[in-house]
Amino acid sequence: MKNKITDVTRQHVADEMQIAKLWYHGRLNEPDFLGRIFNLKSLPSRYDDRWDNAYDDIYQHTVNNSDYEEGWIYTDPRINLLHCDDEIYLKFLSTTIHPIIRSNQEEVSALLELYNKNLNADGFEIAQSDEISGKHVFTGRQKIIGQGQLVAKKVEIKKYLNTTYVNGKINTMNDAIYKDTDLAIGTAKELLETTCKSILKQKGVGIDPDLTLPQLLKVTTASLDFKPKEADDPDKAEKAIRQILGGITSIVHGVAELRNGYGTGHGKDADFKGLEVKYAKLFVGVVSEIAILYLATNGETAELIET
């Protein structure tokens with residue numbers, strides 16, 4: 001497949017990084033940085049017969065000595081950043097501002113601005129995709145309307161349910177919207193079930209395993225305190241809020257029906273066609289907002305129950 005990020009864009013990025021003296025490898029040496037992206041031990045030594053792999057070769061010429069030409073990673077056929085696949089190039093850029101690589105936030109901001117200024121012309125961007133120890137983690141992606149909001153919701157949910165299981169579900173759900181809408185719908189339903197069950201477990205509420213998703217949400221709603229403490233009439237305000245929340249059950253019922261027709265976990269004919277992306281995106285957005293509302297109202301990190 002032909003690359004969409006042109007060599008012109010890549011060269012501009014390289015030139016601007018050099019002018020600003022923002023070295024791509026940050027606090028690491030060059031072979032250790034590149035080893036996070038490429039399997040250097042499996043690549044050949046190109047310039048020195050004493051070594052049988054790229055890691056040792058690069059270490060010799062960039063750490064022990066410093067005799068590689070400036071910008072060698074853009075033309076060296078083993079790395080070839082000017083012409084490598086877009087996916088690899090974007091991974092390279094996002095890795096340069098990973099918290100392990102770079103702790104100086106001014107440098108992170110400068111590189112992020114530099115990257116996105118140049119990538120914009122080709123329809124790509126480097127954007128936050130996660131957090132680790134309170135630090136932003138970035139990913140390169142093609143610019144798609146609404147994708148940024150989904151990532152923000154992912155980060156918010158992780159404040160309350162931050163486990164490998166939940167993180168995997170959120171990643172699968174968001175990634176699948178544009179690739180596999182059936183999977184996105186099925187995973188979103190599972191995320192909502194996990195949210196409800198985890199809150200109920202924390203509150204000591206028994207969970208009937210035969211409850212449907214709308215019924216499970218109704219029980220969870222009843223267990224939470226939605227009374228706005230600063231309202232002039234808290235009781236009246238709570239009643240109004242619960243009336244609004246009652247509509248969520250109808251939404252979730254529709255979601256469950258939609259999932260039965262389009263989500264994973266149900267047999268499909270060979271010629272089955274999945275739901276359009278715009279509806280899967282709407283569904284995932286609604287489920288994410290519900291999860292955030294309930295987790296925020298619960299107000300504590302809930303103990304995970306896997307579905």
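The values are calculated or read from the model by the stated rules, or taken from the named source; none is laboratory data. Computed from a prediction, not measured in an experiment: that's the story for all the values here. Every residue, glycine among them, receives a Cβ derived from its backbone with ideal geometry; neighbour counts consider all protein chains shown. With ligands, DNA and RNA removed, areas are computed over all heavy atoms of the protein, side chains included. Shrake-Rupley method; radii C 1.70, N 1.55, O 1.52, S 1.80 Å.
Residues that are among the small types (Gly, Ala, Ser), touching a residue at least 24 places away in the same chain (Cβ under 8 Å) and either in a helix (DSSP H, G or I) or farther than 18 Å from Thr95 by Cβ (or both) are absent from the range 29-43.
Going through (1) open to solvent by 80 Å² or more (accessible area, probe 1.4 Å); (2) in a helix (DSSP H, G or I); (3) within 19 Å of Lys2 (Cα to Cα) one by one, His83 falls short only on (2).
Does the range 119-128 contain any residue that is polar (S, T, N, Q) and at pLDDT 95 or above? The answer is no; no qualifying residue exists.
Looking at the range 46-55 only, could you name the residues that are in contact (Cβ under 8 Å) with a residue 12 or more places away in the chain and open to solvent by 30 Å² or more (accessible area, probe 1.4 Å)? Hits for the range 46-55 are Arg46, Tyr47, Tyr55.
Of note, Gln149 satisfies the criterion of being modelled with pLDDT under 95, at negative phi and assigned to a helix (DSSP H, G or I). The combined condition, being open to solvent by 20 Å² or more (accessible area, probe 1.4 Å) and part of a loop (DSSP other than H, G, I, E, B), is fulfilled by Arg78.
Filter the range 15-31 for residues that are closer than 12 Å to Glu70 by Cα, surrounded by fewer than 18 Cβ atoms within 10 Å (Cβ to Cβ) and within 27 Å of the chain's Cα centre (by Cα) and give the result. Hit for the range 15-31 is Trp23, nothing else. In the set (1) among the charged types (D, E, K, R); (2) surrounded by fewer than 18 Cβ atoms within 10 Å (Cβ to Cβ); (3) outside any loop (DSSP other than H, G, I, E, B), Glu70 fails one condition alone, (3).
For the range 201-225, name all the residues that are part of a helix (DSSP H, G or I), open to solvent by less than 30 Å² (accessible area, probe 1.4 Å) and within 15 Å of Leu293 (Cα to Cα). Don't jump to the end; show me each part of the working.
Kept after step one, since they are part of a helix (DSSP H, G or I), are these residues of the range 201-225: 201-202, 213-223.
Checking the rest, the ones that are also open to solvent by less than 30 Å² (accessible area, probe 1.4 Å) come to 213-214, 216-217, 220-221.
Selection gives Leu217, Thr220, Thr221.
For Pro228, the conditions (1) touching a Leu at 6+ places or on another chain (Cβ under 6 Å); (2) surrounded by fewer than 17 Cβ atoms within 10 Å (Cβ to Cβ) are fulfilled apart from (1). The test for being in contact (Cβ under 8 Å) with a residue 12 or more places away in the chain and open to solvent by less than 30 Å² (accessible area, probe 1.4 Å) does not hold for Ile88.
Here is the figure for the range 91-105: residues that are open to solvent by 10 Å² or more (accessible area, probe 1.4 Å), modelled with pLDDT of 95 or more and not in a loop (DSSP other than H, G, I, E, B) total 3.
Which residue out of Gly261, Gly274, Gly247 is under 30 Å from Tyr178 (Cβ atoms), assigned to a helix (DSSP H, G or I), modelled with pLDDT under 75 and open to solvent by less than 90 Å² (accessible area, probe 1.4 Å)? I'd like the intermediate steps shown before the answer.
Values: Gly274 fails: assigned to a helix (DSSP H, G or I); Gly247 fails: modelled with pLDDT under 75.
On inspection, the qualifying residue turns out to be Gly261.
State which residue is nearest to the chain's Cα centre (by Cα) when the search covers only the range 226-244 and only residues that are assigned to a loop (DSSP other than H, G, I, E, B) and not charged (D, E, K, R).
Just the residues of the range 226-244 that are assigned to a loop (DSSP other than H, G, I, E, B), to begin with: 226-233.
From what is left, the residues that are not charged (D, E, K, R) are 226, 228, 231.
Values: Phe226: 30, Pro228: 33, Ala231: 37 Å.
If we take residues in the range 226-244 being assigned to a loop (DSSP other than H, G, I, E, B) and not charged (D, E, K, R), then Phe226 is nearest to the chain's Cα centre (by Cα).
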